[in-house]
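Let me begin by presenting the structure, written as C-alpha cells, before commenting on it.
The values are calculated or read from the model by the stated rules, or taken from the named source; none is laboratory data. Not measured: the values here are computed from a predicted model. Heads up, the Cβs are rebuilt from the backbone with ideal geometry, glycines too, and the neighbour counts pull from every protein chain shown.
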Amino acid sequence: MLFALFAFPMWNITLKAPQYPDSIGMDIWINKFADHNPNDIKNMNIMNHYVGMKDIPEHIPEFEIFPYVIGAMAVLGVVFGLIGNPKFYLFWFVVMIIFGSIGMYDFYIWEYEYGHNLKDTAAIKFMDSDGQPMAYQPPLIGSKMILNFEAISLPATGAYFLFVGMAMSVVAFVLGKKELENG
C-alpha cells in the first residue's frame, strides 16, 4: 500500500474564493509540489506576494528523504509479512506512527513559517483584532477562513492508501496473535 505514494499525491491544499470559482490548489507528493489545476501554484504565489508571503518552493529538502523512507518502510513491511511474526506487524505500525507524526509536525512547521514570516515590503498589510500583522497559515487538517479565502488542507489519495496499509498491519497483528494463541 505504501508504494501507492509513488503514484498518488499524499496531501492537497485548496483555496476557494469568489474570485476563483473553480478554486485553486496544490497537491503534495512525496517528492514535489504540483498544481492541482494548471498554473495553480503560480496563481497562489502571485496572490501571496501581495501580502508578503514567500513563494511556494519548487523543492524542499524533505523531498530528498521521503521517497527513501517510504520505499524502505514498504520493503520492510513486505519482509515482515513474509516472516509472519505478529510482533513485527505491530513494530512496523509503531514506526509508521512515529514517522507520520514527525512528518505532520514538519508539515505544521512549514505551514507556520510560510504563513507567519511575512516580508516587511508587502504591498498589502492586514492587521488582526490586536493590531498585529495577520498570519496566513493554512490549517494542518481541515478548513479555515483566511480573509475571503477558505483554505482546505486534507489527505489525498496516497494518504488513504497509507492509512489502509497501517490499518492492515494492526489487523494482521490481531489475527496473527489470535492464531498463535489458538495454536
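Residues that are free of Cβ contacts under 8 Å to residues at least 40 places away in the same chain, assigned to a helix (DSSP H, G or I) and of a type in the set (D, E, K, R) are absent from region 88-110 altogether. What is the one condition in (1) part of a helix (DSSP H, G or I); (2) in contact with a Phe, Trp or Tyr (Cβ under 7 Å, 6 or more places away or on another chain) that His49 does not satisfy? For His49, the exception is condition (2). Report whether or not Lys54 is closer than 23 Å to Glu113 by Cβ, among the basic types (Lys, Arg) and modelled with pLDDT of 95 or more. For Lys54, the condition - closer than 23 Å to Glu113 by Cβ, among the basic types (Lys, Arg) and modelled with pLDDT of 95 or more - is not met.
Name the single residue, out of those in region 1-39 being under 22 Å from Leu140 (Cβ atoms), among the charged types (D, E, K, R) and part of a strand (DSSP E or B), that is nearest to the chain's Cα centre (by Cα). Filtering first and then ranking leaves Asp27. Count of region 52-82 residues, restricted to those that are part of a helix (DSSP H, G or I) and either more than 17 Å from Gly165 (Cα to Cα) or under 16 Å from the mean Cα position of the chain (by Cα) (or both), is 9. For beta carbons closer than 6 Å, sequence separation of 6+ or different chains, a first residue in region 40-68 that is farther than 18 Å from Trp110 by Cα and a second that is in a loop (DSSP other than H, G, I, E, B) and of a type in the set (A, V, I, L, M, F, W, C), the qualifying pairs are Tyr50/Ala123; Tyr50/Ile124; Pro67/Ile30.
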